[in-house]
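Undergrad: Sharing a structure below in structure tokens format, with a few things to ask.
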Amino acid sequence: MNEKKVGRFYDVVWTEYIPEYEKSEEHWRLFYSPEEIKGKRVLDAGCGTGIFSIIFARNGAAEVIGLDISPGSLTTARHLKDNFKLDNVHFQQADMLQLPFPNQSFDIVWAWGTVHHTLNPWQAMEELLRVLKPGGSILLAIYTKTKITFLHEIIRKTLIKTPRKTWQPLAKIMAFFLGPVVAIFKKREKSRQGEKLEELILDWYFVPIRHHYYPREIKDFLEQKGLTIEKFLPASGRFDSTSNFIYKARC
């Protein structure tokens, strides 16, 4: 199944590449503050290494649940939890399309770069909203659709047909040649630092499932569900074509 392929992919990515804590927390503070999350119950949907789960837990959340489909990612996340000696964060394996939680279970839902890797992103977002309490907030970071998205998809669908053992070496080679291009032609600074270019290339071009959307599509969806947009970041990366756009919205 494609979900299992995504899980196996992130078994590699999130055991080999762990984001820098300080840079990740600095980025997190663009959207939340310790005052806002104090005493709250948080769902980190698609937690990966668990870095944002740890950040929520260390900044005053009462309880954080980090959920991911990748066993390897969850192993990394649990090691990170042990390193920080936290008892208010827990990690579990589950599918975002069928969340194992009752309705209105969480004050905050954080889904950074995750719904677009599911088989049905609209269903994933429905599930995330289902478990969000009235008055709660949700953050979604989703790949931007641009005029050259089809080119990225041609490259990705070609590269994922190569032997799995070649993916990391290929990503390193691509990072070597693309590094100068990124330095010269970047449109902006990347909002989230502390990630290696080869790690980003793996995520761009080797992941089995990847969807792209226009910001207006997600904005309309959230507003139709009765949410109010609190914050919008149109591009998180150096180029529009490889960026997430981010919405923070409240019930």
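Any read-out appearing in this document is the output of simple, stated calculations on the displayed coordinates, not a laboratory observation. Predicted model only: the values in this text are computed from it and were never measured. Cβ coordinates were reconstructed from backbone atoms using ideal geometry, including for glycine residues, and neighbour counts include every protein chain displayed.
Undergrad: So for the range 82-100 (the condition being without any contact (Cβ under 8 Å) to a residue 12 or more places away in the chain, closer than 25 Å to ARG29 by Cβ and of a type in the set (Asp, Glu)), does at least one residue qualify?
TA: yes
Undergrad: Could you pull out every one of the helices (runs of 4 or more DSSP H) wholly within the range 163-251 that has 2 or more residues that are closer than 27 Å to ILE69 by Cα, hydrophobic (A, V, I, L, M, F, W, C) and touching a residue at least 60 places away in the same chain (Cβ under 8 Å)?
TA: 215-224
Undergrad: Filter the range 86-120 for residues that are closer than 13 Å to SER53 by Cβ and in contact with an Asp or Glu (Cβ under 6 Å, 6 or more places away or on another chain) and give the result.
TA: Within the range 86-120, ASN88, TRP110 qualify.
Undergrad: Pick out the one residue from PHE245, PHE239, PHE221, PHE206 that is crowded, with 19+ Cβ neighbours inside 10 Å, more than 17 Å from the chain's Cα centre (by Cα) and either hydrophobic (A, V, I, L, M, F, W, C) or over 26 Å from ILE37 (Cβ atoms) (or both).
TA: The match here is PHE221.
For every residue, the table says whether it meets (1) among the aromatic types (Phe, Trp, Tyr); (2) surrounded by 14 or more Cβ atoms within 10 Å (Cβ to Cβ); (3) under 19 Å from ALA141 (Cβ atoms).
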site: LEU170; (1), (2), (3): no, yes, no
site: ILE173; (1), (2), (3): no, no, no
site: GLY179; (1), (2), (3): no, no, no
site: VAL182; (1), (2), (3): no, yes, no
site: ARG188; (1), (2), (3): no, no, yes
site: GLN193; (1), (2), (3): no, no, yes
site: LEU202; (1), (2), (3): no, yes, yes
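Undergrad: Is there a residue in the range 47-64 that is part of a loop (DSSP other than H, G, I, E, B), of a type in the set (Val, Ile, Thr) and closer than 21 Å to TRP122 by Cβ?
TA: No, there is no match, as no residue in the range 47-64 is part of a loop (DSSP other than H, G, I, E, B), of a type in the set (Val, Ile, Thr) and closer than 21 Å to TRP122 by Cβ.
Undergrad: A follow-up question, please. Can you tell me which residue within the range 16-47, out of those that are in contact (Cβ under 8 Å) with a residue 60 or more places away in the chain and small (Gly, Ala, Ser), is farthest from LEU139 (Cα to Cα)?
TA: By that ranking, first place goes to SER24.
Undergrad: Among residues belonging to the range 20-77 that are small (Gly, Ala, Ser) and under 11 Å from HIS90 (Cα atoms), point out the one that is farthest from the chain's Cα centre (by Cα).
TA: Looking at the filtered set, the residue picked out is ALA57.
Undergrad: Give the residues of the range 50-74 that are surrounded by fewer than 17 Cβ atoms within 10 Å (Cβ to Cβ) and on the phi < 0 side of the Ramachandran plot, sorted by residue number. Explain how you work it out, then say what you get.
TA: Our first condition is that a residue be surrounded by fewer than 17 Cβ atoms within 10 Å (Cβ to Cβ); within the range 50-74, this holds for 58, 60, 62, 71.
If the condition is that a residue be surrounded by fewer than 17 Cβ atoms within 10 Å (Cβ to Cβ) and on the phi < 0 side of the Ramachandran plot, then ARG58, ALA62, PRO71 are the ones that fit.
Undergrad: Provide a single number: the residues in the range 25-46 that are more than 18 Å from LEU67 (Cα to Cα) and among the small types (Gly, Ala, Ser).
TA: Number of matching residues: 2.
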